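Trainee: This is the structure I have questions about; it appears just below.
Quick note: the coordinates plus some simple rules give every number you see, no bench work behind them. Bear in mind that the values here come from a model prediction, so they are computed numbers and not experimental data. Here the Cβ is made from the backbone with ideal geometry for all residues, glycine too, and neighbour counts use every protein chain on show.
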Amino acid sequence: MGAADVHGGFYVEGINGVINSERDLTSGKRADDGTWEVGIDYNHGQMVLCTGRFCSADDRVTPKPKYVTAHTCAAIRFEYAANSSSTVYELPNQQALDSCDFSNAILRGDEAAGSPHFDVLIDYDHDKTVYFYASRVGCTDGQKVAVNVVEDHESNFAQCEGMGAGSSRIRHCDCNHQLKPSTIIDPCHTAFVYGCLRDMPDDLSCCPDETVTYASGYINATGGSHNTGTCISKSKVESNLEMVPILKGLRTSDPARLSAFDGGPCVRYSFQTGYDSMCGFYKSISMCDVASKPHECQFDPAWLAWTTWAPPDDGTVQAPAPMSFVDDIGAAHTWTKAQPTIIAHVFDVLALVHMGMDPSQIIGTYGERASSGSNLNSYYHAGYSPGNLGDHANTPYDAALFPSDPTPEEQAMLAQMLDLSPECSATNTYCKHFNHTLLDANGWPDLIIQGPYIGGAAWTDEMLASASSKGIPIIRLTNSYSTEDALNRGLVEIIQRFEELASALGVSGVEAATAHDKAALCAEIEAFKPVAHASQLRGVRALAAYLPYGAAAPNGDIGGFAAAPEEDSVLVMLEELGMAIMHTDATQGSWESGGYTPWMSATNLVSTGARTSGRVKVPYPVDFWLYDQRVALDFTSDSFAAAWPHPAVVAGQYANWPSNGHIHSYRHATTILAGVRERLAVAQKLDPLETTCTAVDQFDDEYRSAGLAPGEYACPKPVSYAMCDGMGSTPWEAPEAWTLATAVAEIDRLRAENAQLKTGTIRMVFV
């Protein structure tokens, strides 16, 4: 069974939480409480101070709105009797909810709908924002609620599935929470159970008998802890098997290292000074390799691995095979440690975790812990955007505007890791600080990872010298346009390099860990192609840009950077899947050369003429904007549309574009594609200027080196990725008319017919 088999349908989110006293005897899940009536204090966006254990310093003194939290694929359940006069209306905003103003409300559930229940369905593609519900009769008495959809079901499921794998519940065969009550709610509960059950051993004779109960711990019939289960998770056995030949080799090659472990307890966490992954394994073997074994050895994964590991056929013990990886600058790196410890940029850490890397392998992170321009955790830093088009710090955070931001679960994970950029990591803006002296105090990793997003900007000569003196290699992954001679690669290609790196770093079961994310991406790719094709038929042309940049001119013109499709990994992916993205004057390797336009007009947008020394400037007939994620709060504001009334901005025909990819994972690529597809699907031609696409033979190295002329865009010739072969989704193919030889003529014909349609001479519908 795969994760998708568990996901089917919607999970229930009771509007009043859960009923602690009612639990399913099989799963241990608490009953959902959908009670919808007067007299209950529902979370309705009221401002409260945080008092919990994990509150930030700011949240303890600055009130924040309180919501019912949900994910996509939720069925928000309301239960009310027909004679209660209760209803379910959706209100447009917080102000309407606070004042019980139903003038613009939409009736979702009438008086008869709540018996036995009425469900508001939050589909997979719903916007992740706050939704407001109230009963017309009862609202002024508190029958109102605000539901904050914070995250995609898929990503939350994956995280909680990982929590279930390796859970201590496996020992006691308590994955379904029958014994130890669960405080987890769906969708995390179902995902946890799924991950836990999948990691159970095949032989269940290790399970306890029915007399075992839970009371501040698992106890037997006499109240003791013996015979309460001896099962061991598959994943823990697998990881410990890798340690066996290493320990056997160390007994001969480095006995001093092993003797040092005898002097005291092991350092528990990888980010603490003196941590050695071999310590715990060695102590388990030492404890159990005696005539009278302690009870704990029965469920110790290290001892099971030690006693079941089979040596090579010739009977000799071989040293662990060295791992190797050739990075993107051609440097070859080798190591013998099964799972070397690393440090990496925050976004690269998230990519590797998405690939299945255990956070314990990551000593620390550097760089910002949220996207530049984000207002995550109520902090906003203007950066290079004016930042004056709204009170961004106090604007409710919208995760959909910042798809590269870590989820709440990922934020909690990052908080446990050593922060090597304490000067700027929490400032939500570009952060290239790297305090290597913290490694002197906390311990250096085995490897340092340099990813494509920030590259080597964080490195100082002092840090590089210190790493070199310790023999710590730096593995460099690039997006290829960091040098003038290298050609840019698409996002999918770079993601595949991260998968290769994860495998080389000893991540167990990378293929299995990424299987679901790959399948989701391949399905999204095939959904994207016909949408891109249809948008070209409608004449929709896109331009990718970072705008606004700096202060506006007195006449309202703004500064900005227009990006050439071949100059950014995400744009490469979008273009090669069929999206019409106009090329710019920007030359290879530099947005500044031709990409930066000091004064961009909302009514007469043209290129810079950089390739002709300003002699030839061509129009940019933009119908659809790809705006840089870093300027999301300014670009999407009503005040920006008023100040710079470009037709596509005013019409809201735009989509988020995380330049340079940020998080190079299959999961993140799916999010990017879905966000663009949803907005592109309804976009219409706005600029009256007629243009024609340019036929492209292949999106190969030759094309990446030359691109197209400013204002030109490629005819759709969507590519296929080998990784999607056999994924189950049917590859989309353009109609025969869209072969390279006839693409331009077909577009011209359809536009002519569309013009006739407007005059009423023919009737035709474009799909």
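Trainee: Rank the residues LYS617, LYS64 as a footprinting-exposure proxy: fewest other Cβ atoms within 10 Å of their Cβ go first.
Mentor: Starting with the residue having the fewest Cβ neighbours, the order is LYS617, LYS64.
Trainee: I'd like the FRET efficiency for ASP391 and VAL682, computed as 1/(1 + (r/R0)^6) with the beta carbon distance as r and R0 of 25 Å, rounded to 0.05.
Mentor: Here the calculated transfer efficiency is 0.25.
Trainee: Testing the spin-label approximation: label points 7 Å from Cα along Cα→Cβ at THR222 and ALA382. State their distance in nm.
Mentor: 7.4 nm
Trainee: Dividing the alpha-carbon radius of gyration of the stretch 514-738 by 2.2 N^0.38 Å (N being the number of residues), what value is obtained?
Mentor: Cα Rg divided by the expected 2.2 N^0.38 Å: 0.99.
Trainee: Now for a different question. Can you tally the net charge around GLN361? Count Lys and Arg as +1, Asp and Glu as -1, for every other residue whose Cβ sits under 12 Å from the Cβ of GLN361.
Mentor: -1
Trainee: Considering only the other residues whose Cβ falls under 10 Å of the Cβ of TYR282, what net charge follows from Lys and Arg at +1 and Asp and Glu at -1?
Mentor: Value of the local net charge: +1.
Trainee: From Cα pairs below 8 angstrom and at least 6 apart in sequence, can you work out the relative contact order of the chain, rounded to a whole percent?
Mentor: 9 percent
Trainee: What length, rounded to one decimal in nm, is gained on full extension from LEU204 through to ALA709, with 0.36 nm per residue of separation minus their alpha-carbon distance?
Mentor: Full extension from LEU204 to ALA709 adds 175.2 nm.
Trainee: Let me ask something else about it. So for each of 324-331, 647-654, 142-149, 353-360 I average, over its residues, the number of other beta carbons within 10 Å; can you give me the resulting order with the highest mean first?
Mentor: Highest to lowest by the protection proxy: 142-149, 353-360, 647-654, 324-331.
Trainee: Using a 4.7 Å cut-off between beta carbons, which cysteines in the chain end up with no partner cysteine at all?
Mentor: Within the chain, the cysteines lacking a partner Cβ under 4.7 Å are CYS73.
Trainee: From the residues SER601, ALA642, ALA563, which one has its Cα farthest along the dipole of the stretch 514-738 in the positive direction, the dipole being from +1 and -1 charges on Cβ of Lys/Arg and Asp/Glu about the Cα centre?
Mentor: Ranked along the dipole, the leading option is ALA642.
Trainee: Here is a follow-up. Could you let me know the centre-to-centre spacing of the stretch 709-726 and the stretch 112-129, using Cα atoms, in angstrom?
Mentor: The stretch 709-726 and the stretch 112-129 have Cα centres separated by 37 Å.
Trainee: List the lysines whose Cα sits under 17 Å from the Cα of LYS180, skipping any in the same chain fewer than 8 residues away.
Mentor: Cross-link targets: LYS29.
Trainee: Farthest toward the dipole's positive end in the chain, which of VAL12, ILE494, TYR703, given Cβ charges of +1 (Lys, Arg) and -1 (Asp, Glu) about the Cα centre?
Mentor: Looking along the dipole axis, the top candidate is VAL12.
Trainee: So, one more: Under 1.5 on a/c is rounded, so check that first for the chain, then, if it is not, pick prolate when a/b is larger than b/c and oblate when it is not; a ≥ b ≥ c are the square roots of the alpha carbon gyration tensor eigenvalues.
Mentor: It comes out oblate by the Cα gyration axes.
Trainee: Which cross-chain or sequence-distant (5 or more) residues have an amide H under 5 Å from the amide H of GLU151, H modelled 1.01 Å from N in plane?
Mentor: Placed amide hydrogens put THR72 under 5 Å from GLU151.
Trainee: LEU689 versus THR129, label points 7 Å from Cα toward the beta carbon: distance in nm?
Mentor: With each label point 7 Å from Cα toward Cβ, the separation is 3.1 nm.
Trainee: Percent relative contact order of the stretch 366-471, based on C-alpha pairs within less than 8 angstrom and at least six residues apart?
Mentor: 34 percent
Trainee: Next question, about the same structure. Under 22 Å Cα-Cα from LYS529, which lysines qualify once same-chain neighbours fewer than 8 residues away are excluded?
Mentor: Leaving aside lysines fewer than 8 places away in the same chain, those within reach of LYS529 are LYS518, LYS685, LYS717.
Trainee: Right, here's the next one. Could you work out [θ]222 nm for the chain from helices alone, using -39500 (n - 2.57) per DSSP H run of at least four and dividing by all its residues? Round to the nearest 500 deg cm²/dmol.
Mentor: Calculated at 222 nm, the ellipticity per residue is -8000 deg cm²/dmol.
Trainee: Still on this structure: What relative contact order, as a whole-number percentage, does the stretch 281-381 give when Cα pairs under 8 Å and 6 or more residues apart are counted?
Mentor: 14 percent
Trainee: Between GLU22 and ASP58, how high is the FRET efficiency from 1/(1 + (r/R0)^6) when r is the Cβ-Cβ distance and R₀ = 30 Å? Nearest 0.05.
Mentor: Calculated transfer efficiency: 0.20.
Trainee: What dipole magnitude, in Debye to the nearest 20, does the stretch 34-151 give about its Cα centre under +1 on Lys/Arg Cβ and -1 on Asp/Glu Cβ?
Mentor: Dipole size: approximately 340 debye.
Trainee: Further question: Around TYR549, which amide H atoms from residues at least 5 apart in sequence, or from another chain, sit under 5 Å from its own amide H, with H modelled in the peptide plane?
Mentor: When sequence neighbours closer than 5 places are left aside, the close amide H contacts are GLY559, GLY560.
Trainee: How much net charge surrounds PHE498 when only the other residues with a Cβ under 14 Å from the Cβ of PHE498 are counted, with Lys and Arg +1 and Asp and Glu -1?
Mentor: -3
Trainee: Hey, with R₀ at 41 Å, roughly what FRET efficiency would MET47 and THR273 work out to, going by the Cβ-Cβ distance, to 0.05?
Mentor: The value I calculate is 0.45.
Trainee: Semi-axes, largest first, in whole Å: what does sqrt of 5 times each Cα gyration tensor eigenvalue give for the stretch 34-151?
Mentor: Sorted largest first and rounded, they come to 25, 16, 13 Å.
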